[in-house]
Amino acid sequence: MIKVVSVILFISQFSFGYFSKKTSIRVSPMFTDHVVLQQKTKNIIWGKSEPNIRIKIKPSWSKVIKTRSNRNGNWKTSIRTPEAGGPYTIEISSKWDRKIINDVMIGEVWLCSGQSNMQMPLNGSEPIENGIETIESADYPKIRMFNVQKTVSTTPQTDINGDWIVCSPKTAGGLSAVAFFFGKKLFDELNVPIGLIHSSWGGSPAESWASLNALKTINPFEDFEQKITELNNPKSEYNMWMKNLNKIDLNTYYENDNNIIANIDYASTHYDDSQWKTVNIPSWFSGPLQNFDGIIWFRKSFELTKVEENITYTLSLGGIDDNDETYLNGVKIGRTQDWTKKRNYAIPVGLLKQGKNNISVEVFDGAGNGGIYGGDDFGIKKDGEFVLDLSGDWKYLPSAILIGNDIQFFTTDFSYDKMPAQENQINNQLPTGLFNSMIHPLKLFSIKGVIWYQGESNVGRSEQYKLLFPAMIKSWRNNWNSEFSFYFTQIAPYIYSGINNSESAELRNAQNYALSLPKTGQAVTLDLGSMETIHPPRKKEVGERLAYLALAKDYERDSIAFSGPVCKVARQNKGNVILEFDIGADYLIEGKDGLREFELIYSNLDAKQVNAKIRGNTIVLENKYEINPIAVRYAWENGSQASLFNSENLPAPTFYLDIMK
């Protein structure tokens, strides 16, 4: 997954600490220049001021609204918005101060959330199909995006940080690709300003985005409130122990070219690493280090019998998640801050020696799992040819852990191995952590609905996801006290544990269960996946399929097809099985290679692929066995590709359905 750039832990409940300048009136960062407000609705505006003062809000489209701050200095009121239009202004004033919010647009506002496939920008390190051309032509001043800053919290917050960005060729590259294509399709069809609130985090699981109440009925989170209490206890053994560690701010770490390394000796050729543990590299972090966030040093010594003079050798380490600084014989030869880029570092002439050499790699992982995961090239190369394979045993030592916004450095006396056990860390894996800090603070801001692209981090937990995902959706609606539309993306095919295994197909099917909730819809990507990457490059189709749902269901564009064929009934018929569909268009069509991957399940749970034929608005599955099947499934492998579409070329989703007797 695309990983963290920065993370901030908020502790205060309503501090408005994001204001650096002390003024009489402060306004939530949701209300800055270029803001887009939902049309024809009641929009709450809020902020902080001196206690018990009168405040006037004057939108340029309506009359003055008066309110008063409470004894804590918090104030809020509501303003009615007209039909889509703008630009407008909003003037906020008191006896002592006056602020003006400029370039306010009224239109349609959508929240866009999820993990890396929602987070990935148009200029992403893994190329978006036609991304460069899209950026160059992205002159859409009426499309704006508010990027919520990545934060984690153990308790619900009211503060939010971020900026409204006007879409242009200069800014479009940093915008979420899926959100952009969704917004652009809405703009093209509706011709009104579009506001997109982007709140996502690569590698995050669904439980991080759910409220505490939502998790109370989901195994194994029923007692998570107690765990949060312990995590917040300053006198717990863990928190008392952590006070012994020096720390630096994560932003400082990123901005300093040398990363303020506390243990630069780890890169020295003379350092004694005999007490370090051993791990096989290349590999992802596993065991106790799985999902470790922080800094781990890796070292390996090797010998060369011959080194040619005046020849530039290359050190190829493949992929490293997330960032690295790499040293050869104590000299830094490379630094990369991107988990998707292959590391190929030129070795300065004369640095590589005949005899003993040493490689030291400082790896920083900011969210989810990390590691030196390598690839096809892993070793020393000369003129593109391998001289030495470096795979095998490496020494390693965790030197710092990331907690909230701080990197905290271990010492000899307070080492990782001596750290008290702590089941949960404050990172983007923390159940409720992202809901508390990146969703809950948005509750007062009026939205039309939500688009969601997540699920990859829950692969392998499909039975749990059947309950967890709908509970999460309900918790968001409860947060806003509104049954807004919620449209999500069925995750795309990818190799995961093996192309013919089924854990991601099971998760895709689990996503179907959320469709039992009202005002939900699913954009299917079974024809968009890539075995090369978990991040399909065809983000335009994803965003537009989500937009089709919104246009048809929320904006009464009845002529727009918004769904592929959905199997509603499977029934026996003269020994065969008939599948009945809600087609979503005029008729069914098969893929270029015919209908594939339809399977019948028998009472012994044995699954058999069977021939399938389209017959009108149904599909007939040929049962060649004497016993009757009990269920049918479609596209049930990690690497499955769509073979059933409707006449609008929208694919059917992965599904599992019991057969009616």
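Overview of results
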{"quantity": "Residue match in the stretch 448-462 (condition: assigned to a loop (DSSP other than H, G, I, E, B), at pLDDT 95 or above, charged (D, E, K, R) and farther than 30 Å from GLY639 by Cα)", "calculated": "yes"}
{"quantity": "Within the stretch 585-661, strands (runs of 3 or more DSSP E) holding 2 or more residues that are among the charged types (D, E, K, R)", "calculated": "612-615"}
{"quantity": "Tally, over the stretch 520-547, of residues that are of a type in the set (Val, Ile, Thr) and more than 18 Å from ARG596 (Cα to Cα)", "calculated": "4"}
{"quantity": "Every residue from the stretch 50-89 that is open to solvent by 90 Å² or more (accessible area, probe 1.4 Å), assigned to a loop (DSSP other than H, G, I, E, B) and closer than 30 Å to VAL192 by Cα", "calculated": "LYS63, GLU83"}
{"quantity": "Positions within the stretch 90-100 being part of a loop (DSSP other than H, G, I, E, B) and either buried (at least 16 other Cβ atoms within 10 Å of the Cβ) or in contact with a helix residue (DSSP H, G or I) (Cβ under 7 Å, 6 or more places away or on another chain) (or both), in sequence order", "calculated": "SER94"}
{"quantity": "Residue ranges of strands (runs of 3 or more DSSP E) in the stretch 159-255 with at least 2 members open to solvent by 30 Å² or more (accessible area, probe 1.4 Å)", "calculated": "162-167, 246-249"}
{"quantity": "Number of the exception - ASN501 against (1) in contact with a strand residue (DSSP E or B) (Cβ under 7 Å, 6 or more places away or on another chain); (2) over 30 Å from GLU483 (Cβ atoms); (3) in a loop (DSSP other than H, G, I, E, B)", "calculated": "(1)"}
{"quantity": "Residue within the stretch 303-322 that is more than 37 Å from the chain's Cα centre (by Cα), of a type in the set (A, V, I, L, M, F, W, C) and at pLDDT 90 or above present", "calculated": "yes"}
{"quantity": "So PHE19, is it assigned to a loop (DSSP other than H, G, I, E, B), on the phi < 0 side of the Ramachandran plot, of a type in the set (A, V, I, L, M, F, W, C) and at pLDDT below 95", "calculated": "yes"}
{"quantity": "Breaking point among (1) under 15 Å from GLY203 (Cβ atoms); (2) not in a helix (DSSP H, G or I), for ASN424", "calculated": "(1)"}
{"quantity": "Checklist (1) within 28 Å of LEU551 (Cβ to Cβ); (2) of a type in the set (S, T, N, Q); (3) open to solvent by less than 30 Å² (accessible area, probe 1.4 Å) applied to ASN617, failing item", "calculated": "(3)"}
{"quantity": "Cross-chain or 6+ apart pairs with Cβ under 9 Å, the stretch 343-361 first and free of Cβ contacts under 8 Å to residues at least 40 places away in the same chain, then open to solvent by less than 10 Å² (accessible area, probe 1.4 Å) and acidic (Asp, Glu)", "calculated": "ARG343/ASP324"}
{"quantity": "Selected residue (criterion: surrounded by the fewest Cβ atoms within 10 Å (Cβ to Cβ)) from residues of the stretch 528-555 that are within 20 Å of GLN115 (Cα to Cα) and of a type in the set (D, E, K, R)", "calculated": "GLU532"}
{"quantity": "Filtered residue count, the stretch 504-528, keeping only those that are part of a loop (DSSP other than H, G, I, E, B), more than 17 Å from PHE181 (Cβ to Cβ) and touching a Phe, Trp or Tyr at 6+ places or on another chain (Cβ under 8 Å)", "calculated": "2"}
{"quantity": "PRO141 part of a loop (DSSP other than H, G, I, E, B), more than 28 Å from LEU231 (Cβ to Cβ) and open to solvent by 40 Å² or more (accessible area, probe 1.4 Å)", "calculated": "no"}
{"quantity": "Candidate set: the stretch 625-646, residues that are open to solvent by less than 20 Å² (accessible area, probe 1.4 Å) and over 29 Å from the mean Cα position of the chain (by Cα); chosen: the one nearest to GLY564 (Cα to Cα)", "calculated": "ASN646"}
{"quantity": "Positions within the stretch 510-527 being within 26 Å of TYR496 (Cα to Cα), open to solvent by 10 Å² or more (accessible area, probe 1.4 Å) and touching a residue at least 40 places away in the same chain (Cβ under 8 Å), in sequence order", "calculated": "ASN512, TYR513, GLN522, VAL524, ASP527"}
{"quantity": "Any hit, the stretch 397-406, residues being within 30 Å of ALA346 (Cβ to Cβ) and open to solvent by 20 Å² or more (accessible area, probe 1.4 Å)", "calculated": "yes"}
{"quantity": "Residue that is hydroxyl-bearing (Ser, Thr, Tyr) and open to solvent by 30 Å² or more (accessible area, probe 1.4 Å), where the choices are SER360, SER283", "calculated": "SER283"}
{"quantity": "Residue ID - farthest from ASN369 (Cα to Cα), chosen from residues in the stretch 308-331 that are surrounded by fewer than 18 Cβ atoms within 10 Å (Cβ to Cβ) and of a type in the set (A, V, I, L, M, F, W, C)", "calculated": "ILE311"}
{"quantity": "Boolean, ALA421 is aliphatic (A, V, I, L, M) and in contact with a Gly (Cβ under 8 Å, 6 or more places away or on another chain)", "calculated": "no"}
{"quantity": "Test result for GLU590, open to solvent by 30 Å² or more (accessible area, probe 1.4 Å), within 22 Å of GLU503 (Cα to Cα) and either at pLDDT 95 or above or not charged (D, E, K, R) (or both)", "calculated": "no"}
{"quantity": "Residue pairs meeting the criteria (Cβ under 9 Å; at least 6 apart or on separate chains; first within 11 Å of MET242 (Cβ to Cβ), in the stretch 417-432; second part of a loop (DSSP other than H, G, I, E, B) and open to solvent by 50 Å² or more (accessible area, probe 1.4 Å))", "calculated": "GLN425/ASN291"}
{"quantity": "Any hit, the stretch 568-575, residues being assigned to a loop (DSSP other than H, G, I, E, B) and either at pLDDT 95 or above or open to solvent by 50 Å² or more (accessible area, probe 1.4 Å) (or both)", "calculated": "yes"}
{"quantity": "Boolean, ILE491 is under 26 Å from ALA179 (Cβ atoms) and in contact with a Cys (Cβ under 7 Å, 6 or more places away or on another chain)", "calculated": "no"}
{"quantity": "Some residue of the stretch 423-444 being modelled with pLDDT under 90, of a type in the set (Val, Ile, Thr) and open to solvent by less than 50 Å² (accessible area, probe 1.4 Å)", "calculated": "yes"}
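A quick yes/no check of all residues on (1) in contact (Cβ under 8 Å) with a residue 40 or more places away in the chain; (2) over 25 Å from ALA523 (Cα atoms); (3) of a type in the set (Ser, Thr, Tyr); (4) buried (at least 19 other Cβ atoms within 10 Å of the Cβ):
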{"residue": "GLY564", "(1), (2), (3), (4)": "yes, no, no, yes"}
{"residue": "ARG596", "(1), (2), (3), (4)": "yes, no, no, no"}
{"residue": "ASP606", "(1), (2), (3), (4)": "no, yes, no, no"}
{"residue": "GLU648", "(1), (2), (3), (4)": "yes, no, no, no"}
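The values are calculated or read from the model by the stated rules, or taken from the named source; none is laboratory data. Note that the structure is a prediction, hence the values are computed from the model and not measured. Virtual Cβ from ideal backbone geometry, glycine too; neighbours counted across all protein chains shown. Note: accessible area is taken over every heavy atom of the protein model, side chains too, but ligands, DNA and RNA are not part of it. Shrake-Rupley method; radii C 1.70, N 1.55, O 1.52, S 1.80 Å.
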